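S.K.: Sharing a structure below in structure tokens format, with a few things to ask.
The values are calculated or read from the model by the stated rules, or taken from the named source; none is laboratory data. Everything numeric here is computed off the predicted structure, so don't read it as measured data. Note that each Cβ is placed from the backbone with ideal geometry, even for glycine, and that neighbours are counted across all protein chains shown.
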Amino acid sequence: MRHAAAPIAFGLIVLGLWQAACVGFQIPRILLPAPTAIAAAFAANLPLLGADFVQTVIRSVLPGFAMGSGAGFIVGLLVDASPFLRRGVLPVASLAGALPIVGIAPIMVMWFGFDWQSKAAVAAVMTFFPMLINTVAGLEAAGAMERDLMRSYSASPVQTLEKLRLPAALPYIFTALKLNTTLALIGAIVAEFFGTPTVGMGFRISTEAARLDLDVVWAETLLAAITGSALFFGLAYLERIVTFWRPAFQSSSEKEMR
Amino acid sequence: MREAWRRTLPIIVVVAALLIVWYVAALIVDAPQGALAQERPLLPTPGQVTGALLTGILQPLDSPRSLIYHAAVTASSALVGFALAFVVGIALAIAIVNVRMLDRSLMPWIIASQTVPALAVAPMVVVVLGNIGLTGLIPKALIAAWLSFFPIVTAMVTGLRSPERIQLDLLRTYSAGSWHVFAQLRWPASMGFLFPGMKVAATLAVVGAIVAELPTGAQAGLGARLLAASYYGQTLQLWAALVMASILAVVVVALVDGARSLLVHARGGRL
């Protein structure tokens, strides 16, 4: 948090220039509204934004994120138990992770209907593969020395997993979790382009953009940005607390040396 | 030979298991309406999807049902977006590594730019750019670029910083200037980091191009195909378009891999 001053100053400068350009050059609202106009639209549409937030984030993104990440983690643990499965599942999962999975959105809408279930399903599938890959990679991360030490204590596989390999995997798991926040949000919002019960951030953005009511779209975008950042930086903060022992978090002087 | 077998057998087993599960699930799901016989199965079997895919690919190229045509439309905006992201991403990374103030002030915003679900903004970008007369490929390419510049920036920043102190010190003893340090050490060292980042970026460019096609009124491209098929409930076309999109992503990633092997070859067998 000590280094927040520079980015905040940079952000304020950009906002100031943006405002000045909008007022100075009289950029049409339809092209780019001034930051103050967006803030005003945000304040004026609070009930609408609140309803969309509940529908998209609380009811679609969070369940989907939890299901996908949880399933990826559990499958990762199972796959890790068998070298044969690890060699078979990992390449397939990496391939699946590189595919445009968001394209399943129309299929999920067809299967699970217009309400939040289909959105959560898309978010779950999208978050599953990064978590699976990172869990398996993370469980490999513990060094040979530490493993030998556990063996010399005659630790059981479960004990080794609990005391050594899971903590060593945590940085990888947090990487997947942070990536998954954005993926889950994207999945839910894009799925709303294919049909919704006329509420939700993706629905609002696509319909209001078509009606050229861009103030609402910008307010909705701001909401999406705040949500995405809050989820990401919240997890980053949690990561710092949970994996406090990592060198990267112990002193910031190391990076400064470069 | 045995080594290759040891590596591929598990993959074959896993893929076969997935296909069997898919097939059985399709039989169960579609059983009430008479499996395999219908035009719009809830879950098509692998065979039905392959059939629809082949039908789509074998259409004449100028037919609106040709999947090759739609894939080419999507690929063109994805590639333009990827090229843009490549140039901007590398330029940004060089700036960040060289100017310490930028590292402090810009990097958090680059990270924050990715927490904005860029795809959610796609409809607005398309509408706004349409207002100032930019239609067709450019809005889609911009959305693809927005998604795909991030992995390139982060990979290049890491790569340009990867030379170790001892290597930097060696160049200093040669009294090398900062340009030489960059050209002889930092840039070559970053290549090993660049390509994994480019692979991710290439996939994201395809995803961005597909989603950007959704709000454009759905005339051409795999995204438009997905939307139209979903609107008319044509599940087979939907699955075929999805598989085609996956093939496109795999091809683009393979192109990046090809570029990597060319570079490895040019540099005498290592990166």
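S.K.: Pick out the one residue from A:ALA184, A:ALA248 that is in contact with a helix residue (DSSP H, G or I) (Cβ under 9 Å, 6 or more places away or on another chain) and at pLDDT 85 or above.
M.R.: Working: A:ALA248 fails: at pLDDT 85 or above.
Being in contact with a helix residue (DSSP H, G or I) (Cβ under 9 Å, 6 or more places away or on another chain) and at pLDDT 85 or above holds for just one of A:ALA184, A:ALA248, which is A:ALA184.
S.K.: Now for a different question. Consider B:LEU102 against the criteria (1) of a type outside the set (S, T, N, Q); (2) under 21 Å from the mean Cα position of the chain (by Cα); (3) under 30 Å from B:VAL181 (Cα atoms): it satisfies all of them except one. Which criterion is unmet?
M.R.: For B:LEU102, the exception is condition (2).
S.K.: Further, regarding this structure: Restricting attention to the range A:73-113, which residues are charged (D, E, K, R) and more than 7 Å from chain B (Cβ to nearest Cβ)?
M.R.: Filtering the range A:73-113 down to residues charged (D, E, K, R) leaves A:80, A:86-87.
A:ASP80, A:ARG86 - these are the residues of the range A:73-113 that are charged (D, E, K, R) and more than 7 Å from chain B (Cβ to nearest Cβ).
S.K.: Could you list all residues from the range A:140-156 that are of a type outside the set (S, T, N, Q) and in a loop (DSSP other than H, G, I, E, B)? Don't jump to the end; show me each part of the working.
M.R.: Going through the range A:140-156, the residues of a type outside the set (S, T, N, Q) turn out to be A:140-151, A:153, A:155.
Of everything in the range A:140-156, those that are of a type outside the set (S, T, N, Q) and in a loop (DSSP other than H, G, I, E, B) turn out to be A:GLU140, A:ALA141, A:ALA142, A:GLY143, A:TYR153, A:ALA155.
S.K.: How many of the residues in the range B:122-164 are among the aliphatic types (A, V, I, L, M) and closer than 23 Å to A:VAL216 by Cβ?
M.R.: Here is the first cut: in the range B:122-164, the residues among the aliphatic types (A, V, I, L, M) are B:122, B:124-129, B:132, B:134, B:137-138, B:141-145, B:147, B:152-153, B:155-157, B:160.
After this cut, where a residue has to be closer than 23 Å to A:VAL216 by Cβ as well, the list is B:122, B:124-129, B:132, B:134, B:142-143.
So the count comes out to 11.
S.K.: Continuing with the same structure: Mind counting the residues in the range A:196-231 that are touching a Ser or Thr at 6+ places or on another chain (Cβ under 8 Å) and either in a helix (DSSP H, G or I) or within 8 Å of chain B (Cβ to nearest Cβ) (or both)? Show your work before the answer.
M.R.: At the first step, the residues of the range A:196-231 found to be touching a Ser or Thr at 6+ places or on another chain (Cβ under 8 Å) are A:200-203, A:205, A:225, A:228-229, A:231.
Subsequent filtering for residues that are either in a helix (DSSP H, G or I) or within 8 Å of chain B (Cβ to nearest Cβ) (or both) retains A:201-203, A:205, A:225, A:228-229, A:231.
Counting residues in the range A:196-231 that are touching a Ser or Thr at 6+ places or on another chain (Cβ under 8 Å) and either in a helix (DSSP H, G or I) or within 8 Å of chain B (Cβ to nearest Cβ) (or both) gives 8.
Conditions tested, residue by residue: (1) within 9 Å of chain A (Cβ to nearest Cβ); (2) at pLDDT 75 or above; (3) surrounded by 16 or more Cβ atoms within 10 Å (Cβ to Cβ); (4) farther than 16 Å from A:ILE205 by Cα.
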| residue | (1), (2), (3), (4) |
| --- | --- |
| B:ILE90 | no, yes, yes, yes |
| B:ALA93 | no, yes, yes, yes |
| B:ILE96 | no, yes, yes, yes |
| B:ALA118 | yes, no, yes, no |
| B:VAL121 | yes, no, yes, no |
| B:VAL126 | yes, yes, yes, no |
| B:LEU134 | no, no, no, yes |
| B:LEU142 | no, yes, yes, yes |
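S.K.: While we're on this one: Restricting attention to the range A:216-227, does a residue exist that is surrounded by fewer than 17 Cβ atoms within 10 Å (Cβ to Cβ) and not β-branched (Val, Ile, Thr)?
M.R.: So the first thing to find is which residues in the range A:216-227 are surrounded by fewer than 17 Cβ atoms within 10 Å (Cβ to Cβ), and the list is A:226.
This time we only want the ones that are not β-branched (Val, Ile, Thr), so: none.
Looking through the range A:216-227, none of the residues is surrounded by fewer than 17 Cβ atoms within 10 Å (Cβ to Cβ) and not β-branched (Val, Ile, Thr).
S.K.: Name the residue that is farthest from B:ALA75 (Cα to Cα), counting only residues in the range B:135-156 that are in contact with a Ser or Thr (Cβ under 9 Å, 6 or more places away or on another chain) and of a type in the set (Val, Ile, Thr).
M.R.: It comes out as B:THR135.
S.K.: Next question. Residues in the range B:17-55 that are at pLDDT 80 or above and part of a helix (DSSP H, G or I): how many?
M.R.: So the count comes out to 22.
S.K.: Residue check, B:ALA241 against (1) at pLDDT 85 or above; (2) touching a Ser or Thr at 6+ places or on another chain (Cβ under 9 Å); (3) closer than 26 Å to A:GLY195 by Cβ, all met but one. Which one?
M.R.: The failed condition is (2).
S.K.: Can you list the helices (runs of 4 or more DSSP H) found entirely within the range A:9-81 that contain at least 1 residues being modelled with pLDDT of 90 or more and polar (S, T, N, Q)? Break it down stepwise before answering.
M.R.: Numbers: elements: A:35-44, A:46-53, A:62-81.
Qualifying helices (runs of 4 or more DSSP H): A:62-81.
S.K.: The conditions are (1) of a type outside the set (D, E, K, R); (2) in contact with a Pro (Cβ under 6 Å, 6 or more places away or on another chain); (3) within 11 Å of another protein chain (Cβ to nearest Cβ), and A:ALA176 fails exactly one of them. Which is it?
M.R.: (3)
S.K.: Those residues that are modelled with pLDDT of 85 or more and facing another protein chain (nearest Cβ under 7 Å), I need them from the range B:195-216; list them, please.
M.R.: Listed by number, the residues that qualify are B:THR203, B:VAL206, B:VAL207, B:ILE210.
S.K.: Looking at B:GLN219 and the list (1) within 13 Å of chain A (Cβ to nearest Cβ); (2) under 20 Å from B:ALA122 (Cα atoms), which single condition is not satisfied?
M.R.: Failing condition for B:GLN219: (1).
S.K.: Is it the case that B:ALA176 is facing another protein chain (nearest Cβ under 10 Å) and at negative phi? So that I can check it myself, show each step before the final result.
M.R.: Details: facing another protein chain (nearest Cβ under 10 Å): no; at negative phi: yes.
It is false that B:ALA176 is facing another protein chain (nearest Cβ under 10 Å) and at negative phi.
S.K.: Then there's this: State whether the residues of the range A:120-139 include one that is within 25 Å of B:VAL207 (Cα to Cα) and not in a helix (DSSP H, G or I).
M.R.: No, there is no match, as no residue in the range A:120-139 is within 25 Å of B:VAL207 (Cα to Cα) and not in a helix (DSSP H, G or I).
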